[in-house]
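The values are calculated or read from the model by the stated rules, or taken from the named source; none is laboratory data. Predicted, not measured: the structure shown is a model, and the values here were computed from it. FYI the Cβ positions are ideal-geometry reconstructions off the backbone, even for glycines, and counts take in every protein chain you see.
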Amino acid sequence: MAPAPSTDDANSDDPADPSDVAVSPLLIVGAPRSGTTWLQRLLLGHPACVGGQESHLLALFDGMMTEARRKAEFERPHGPFTLATEKTMLDALRRVWIEILRPTLESRPEATRLVEKTPDHALHLDLADRLLPRCRVIHLVRHPADVAASLVRASARSWGRGWAPGSVEAASRRWVECVEAAESAAPRFGATRFMTMRYEDLRSDPGRMLGDALEFAGLSTPATECDLIVTAESRGEGPPITLRGEFGDRSLVEPEGFGDGSGHPALGRRDLRRCLAIAGPLASRFGHDPKGGDR
């Protein structure tokens, strides 16, 4: 499969081809409730970035590919792989990716970098590499205790009831699943295409970390501009996330309590122990105290 055209030259005077931008995205992934929405909003403050609501396309595509392989392995094989090759199916899915994201890309025609934020895509990065061979990945990692606390709170809200685990143990296992999947995919991408960022570092120095993220995305940006983007977002003056398609064209209004989890109480001692018994060893790889001394 030939590599997709590069969009690395952010200073080119030529208008960006939406198809080229679509197949060279910056994917933001991580365990749910790790601050990925905030990071996307900061990045969209840069005029060369464009993005919309979570697509979940890689998760849907991966489900199709998995089912196609399962059907092909039957004694009497059936399914799409009896009609076409895997490459043909990937090419078709790539065209679907482009067409679904085209309206978002055309909303900011000067943009050269698509910022696609779907936390669950952490579980589907092998497919991302095969489908979008020029994609780049930022894996945002947040302390598992804070993620677990936020997930459990979300499970009690109408907007989180359908997807957020309702127990500390299940939430902690979800964190481990997402973080392990993302980090195991990192060698496949290499340092030029995979970046791990701690939420705590983003929170403590958002201007500097935004600059690092933009540099990684091929959009070197002065620190003063990064600070202006952070300030605008903190004031609620950043660019909105727009719902399109069946929703028409209207700004996404986050439900009450969605936020990024800051300012909420942490897990109690017993729940913290439960969380770290599951996630502590992995959390230590990212500089977090496996015994919870940093909470």
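Observations, loosely collected:
- Evaluation of Val253 against (1) among the β-branched types (Val, Ile, Thr); (2) within 20 Å of Trp159 (Cβ to Cβ); (3) crowded, with 16+ Cβ neighbours inside 10 Å (one fails), failing number: (3)
- Qualifying residue in the range 48-55 (condition: touching a Gly at 6+ places or on another chain (Cβ under 7 Å), crowded, with 21+ Cβ neighbours inside 10 Å and not aromatic (Phe, Trp, Tyr)): no
- The listed residues are Arg153, Arg188, and the only one of them that is farther than 17 Å from Ala122 by Cβ and either in a helix (DSSP H, G or I) or in contact with a Cys (Cβ under 8 Å, 6 or more places away or on another chain) (or both) turns out to be Arg153.
- Unmet requirement for Leu123, which otherwise passes all of (1) surrounded by fewer than 21 Cβ atoms within 10 Å (Cβ to Cβ); (2) among the hydrophobic types (A, V, I, L, M, F, W, C); (3) under 24 Å from Pro255 (Cβ atoms): (3)
The rows are residues; the columns are (1) closer than 21 Å to Ala171 by Cβ; (2) part of a strand (DSSP E or B); (3) not aliphatic (A, V, I, L, M).
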| position | (1), (2), (3) |
| --- | --- |
| Ala213 | no, no, no |
| Asp227 | no, no, yes |
| Leu267 | yes, no, no |
| Arg270 | yes, no, yes |
| Arg273 | yes, no, yes |
| Leu276 | yes, no, no |
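- Among the residues of the range 175-219, those identified as of a type in the set (Lys, Arg) and under 15 Å from the mean Cα position of the chain (by Cα) are Arg193, Arg198.
- Of everything listed in (1) surrounded by fewer than 20 Cβ atoms within 10 Å (Cβ to Cβ); (2) assigned to a helix (DSSP H, G or I); (3) basic (Lys, Arg), the single unmet condition for Arg134 is (2).
- Residue within the range 157-176 that is touching a residue at least 60 places away in the same chain (Cβ under 8 Å), aromatic (Phe, Trp, Tyr), buried (at least 16 other Cβ atoms within 10 Å of the Cβ) and out of contact with any Leu (no Cβ under 6 Å at 6 or more places or on another chain) present: yes
- Residue in the range 63-73 that is under 29 Å from Arg203 (Cα atoms), at pLDDT 95 or above, assigned to a helix (DSSP H, G or I) and touching an Asp or Glu at 6+ places or on another chain (Cβ under 9 Å) present: no
- Looking across the range 229-250 at every residue that is part of a strand (DSSP E or B) and under 20 Å from the mean Cα position of the chain (by Cα), the one that is surrounded by the most Cβ atoms within 10 Å (Cβ to Cβ) is identified as Thr242.
- Those residues of the range 93-108 which are of a type outside the set (S, T, N, Q), part of a helix (DSSP H, G or I) and within 16 Å of Leu243 (Cα to Cα), in sequence order: Glu99, Ile100, Leu101, Arg102, Pro103, Leu105, Glu106
- If the condition is being more than 27 Å from Arg269 (Cβ to Cβ) and either out of contact with any His (no Cβ under 6 Å at 6 or more places or on another chain) or not in a helix (DSSP H, G or I) (or both), then the range 162-185 contributes Gly162, Trp163, Ala181, Glu183, Ser184, Ala185.
- Single condition Glu177 does not satisfy, out of (1) within 19 Å of Ala48 (Cβ to Cβ); (2) out of contact with any strand residue (DSSP E or B) (no Cβ under 9 Å at 6 or more places or on another chain): (1)
Yes or no, residue by residue, for (1) buried (at least 16 other Cβ atoms within 10 Å of the Cβ); (2) in contact with a Lys or Arg (Cβ under 8 Å, 6 or more places away or on another chain); (3) not charged (D, E, K, R):
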position	(1), (2), (3)
Ala186	yes, no, yes
Gly190	no, no, yes
Phe194	yes, yes, yes
Tyr199	yes, yes, yes
Ser204	no, no, yes
Gly207	yes, no, yes
Leu214	yes, no, yes
Pro222	no, no, yes
Asp227	no, no, no
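- Filtered residues of the range 67-86 (kept if out of contact with any Lys or Arg (no Cβ under 6 Å at 6 or more places or on another chain) and surrounded by 12 or more Cβ atoms within 10 Å (Cβ to Cβ)): Glu67, Ala68, Arg69, Lys71, Ala72, Pro80, Phe81, Thr82, Ala84, Glu86
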